[in-house]
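Novice: Pasting a structure below so you can have a look.
The values are calculated or read from the model by the stated rules, or taken from the named source; none is laboratory data. This is a predicted model, so every value here is computed, not measured. Note: ideal-geometry Cβ built from the backbone for every residue, glycine included; neighbour counts use all protein chains shown.
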Amino acid sequence: MSYALHPIGHVSSSLTDRDAAPKQADEGAPDAWLVLDEAVAEAAADVVAGDELVVVTWLHEADRDVLVVHPRSDPTRPPTGVFSTRSPARPNPLGLHTVRVLETAGPTRIHVDALEAVDGTPVVDVKRALDPRPEER
């Protein structure tokens, strides 16, 4: 059985070197833009500054054959299965990024705070982060 995953846009970021990029957003990741395809513009029409979103990316530069890593690439840490880590190297390299919307430029350009994905990373989904007030969802 196979499944098709289609990007809905990409990340536009000042990060261009995967090896130099922060491992997590709170480790110095810069603001970035989510550039969405016109075909999904209607889906993003209600996104506004201040919204907290979960951006799902396809970590296109990741190694899909790695099953065990030293967490945070630290050889002093014991080898650990990737499902117990946040390593981008994994069978299906999906990235999960919680971001806050800083501004929008129409429905296809969303400026977000700290995002550790490199420039050109495909975006495969955007979801509102869980809100403690479910009646507002």
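Novice: Among (1) part of a strand (DSSP E or B); (2) acidic (D, E); (3) touching a His at 6+ places or on another chain (Cβ under 9 Å), which single condition is D119 missing?
Specialist: In the conditions (1) part of a strand (DSSP E or B); (2) acidic (D, E); (3) touching a His at 6+ places or on another chain (Cβ under 9 Å), D119 misses (1) alone.
Novice: Can you tell me how many residues in the range 84-103 are buried (at least 17 other Cβ atoms within 10 Å of the Cβ) and farther than 15 Å from V126 by Cβ?
Specialist: Here is the first cut: in the range 84-103, the ones buried (at least 17 other Cβ atoms within 10 Å of the Cβ) are 87-90, 93, 95, 97, 99, 101.
Right, trim to farther than 15 Å from V126 by Cβ and you get 87-90, 93.
The number of residues fulfilling the criteria is 5.
Novice: Scan the range 93-106 and give yes if some residue there is in a loop (DSSP other than H, G, I, E, B), without any contact (Cβ under 8 Å) to a residue 40 or more places away in the chain and within 11 Å of the chain's Cα centre (by Cα), otherwise no.
Specialist: Checking the range 93-106: at least one residue is in a loop (DSSP other than H, G, I, E, B), without any contact (Cβ under 8 Å) to a residue 40 or more places away in the chain and within 11 Å of the chain's Cα centre (by Cα).
Novice: Can I ask one more? Scanning the range 14-28 for residues that are under 12 Å from the mean Cα position of the chain (by Cα) and assigned to a loop (DSSP other than H, G, I, E, B), which turns out modelled with the highest pLDDT? Talk me through it step by step, then tell me what you get.
Specialist: Of all residues in the range 14-28, those under 12 Å from the mean Cα position of the chain (by Cα) come to 23-25.
Filter once more, so that each one left must be assigned to a loop (DSSP other than H, G, I, E, B): 23-24.
Details: K23: 66, Q24: 70.
The residue in question is Q24.
Novice: Give just the number: which of (1) out of contact with any strand residue (DSSP E or B) (no Cβ under 9 Å at 6 or more places or on another chain); (2) more than 20 Å from H10 (Cα to Cα); (3) outside any helix (DSSP H, G or I) does F83 not satisfy?
Specialist: (3)
Novice: Might you check whether a residue that is over 16 Å from A117 (Cα atoms), part of a strand (DSSP E or B) and in contact with a helix residue (DSSP H, G or I) (Cβ under 9 Å, 6 or more places away or on another chain) occurs anywhere in the range 69-77?
Specialist: yes
Novice: Let me ask another. Name every residue in the range 78-102 that is closer than 14 Å to A117 by Cα and either aliphatic (A, V, I, L, M) or in contact with a Phe, Trp or Tyr (Cβ under 9 Å, 6 or more places away or on another chain) (or both), in order of residue number.
Specialist: Step one: list which residues in the range 78-102 are closer than 14 Å to A117 by Cα, which gives 86-89, 93-99.
Passing the criteria: A89, P93, L94, G95, L96, V99.
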